[in-house]
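The values are calculated or read from the model by the stated rules, or taken from the named source; none is laboratory data. Just so you know, these numbers come straight off a predicted model, no measurement behind them. When we count neighbours, we look across all protein chains shown, and the Cβ atoms used for this are built from the backbone with ideal geometry, even at glycine.
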Amino acid sequence: MRSRRWTPSASCSVSRKCIAALTAVLLARVGPDGRVSGDEFNERDTRFSYILISALSLLGRLDALDTIHDGKGRELVVGNIVGSMNFDGAFGSEPGAESHGAQGRCQCLGRGSN
């Protein structure tokens with residue numbers, strides 16, 4: 001059995017209206033500094049940035065990042081992740097935070113590693 005990569009357009013039951021609503025909810029979590037909050041308590045962490053980018057990618061809506069914060073949403077989110085990289089090559093939960101294994105795993109997965 002051959003595996004197929006899922007795309008929103010490949011005969012699925014997720015409507016365009018549903019994709020638009022999910023996209024709006026995800027984008028609402030991006031702060032003006034590019035940090036992404038993960039809950040109602042406004043906890044911000046690079047793991048949530050990874051989740052945001054992954055979810056938008058699965059929905060086929062990465063382009064939506066360019067519609068927030070005066071067209072700089074993508075630049076802000078990616079800048080926040082890159083700014084979280086430390087001298088040892090690992091990542092912290094935010095720029096200036098110490099390296100942590102959970103963040104490193106998310107950033108590596110974002111680069112296509114296993």
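Could you give me the residue pairs with C-beta distances under 7 Å whose first residue belongs to the stretch 81-93 and is surrounded by fewer than 18 Cβ atoms within 10 Å (Cβ to Cβ), whose second residue is modelled with pLDDT of 85 or more and part of a loop (DSSP other than H, G, I, E, B) wherever it lies, and which are 6+ apart or on separate chains?
Sorted first by the residue in the stretch 81-93, then by its partner, the pairs are Gly83/Pro95.
Considering only residues that are farther than 11 Å from Leu27 by Cα and assigned to a loop (DSSP other than H, G, I, E, B), which ones fall in the stretch 38-65?
Gly38, Asp39, Glu40, Phe41, Asn42, Glu43, Asp45, Leu59, Gly60
If you scan the stretch 23-37, which residues turn out to be in contact with a helix residue (DSSP H, G or I) (Cβ under 9 Å, 6 or more places away or on another chain) and part of a loop (DSSP other than H, G, I, E, B)?
Residues satisfying the conditions are Arg29, Gly31, Pro32, Asp33, Gly34, Arg35.
Would you say Phe48 is within 21 Å of Ser99 (Cα to Cα), aromatic (Phe, Trp, Tyr) and surrounded by 12 or more Cβ atoms within 10 Å (Cβ to Cβ)?
Yes: the conditions hold for Phe48.
Restricting the search to the stretch 35-83, which residues are closer than 12 Å to Glu94 by Cα and among the acidic types (Asp, Glu)?
Listed by number, the residues that qualify are Glu43, Asp45.
Can you find, within the stretch 66-81, the residue that is farthest from the chain's Cα centre (by Cα) among those that are in a helix (DSSP H, G or I) and of a type in the set (A, V, I, L, M)?
Leu76
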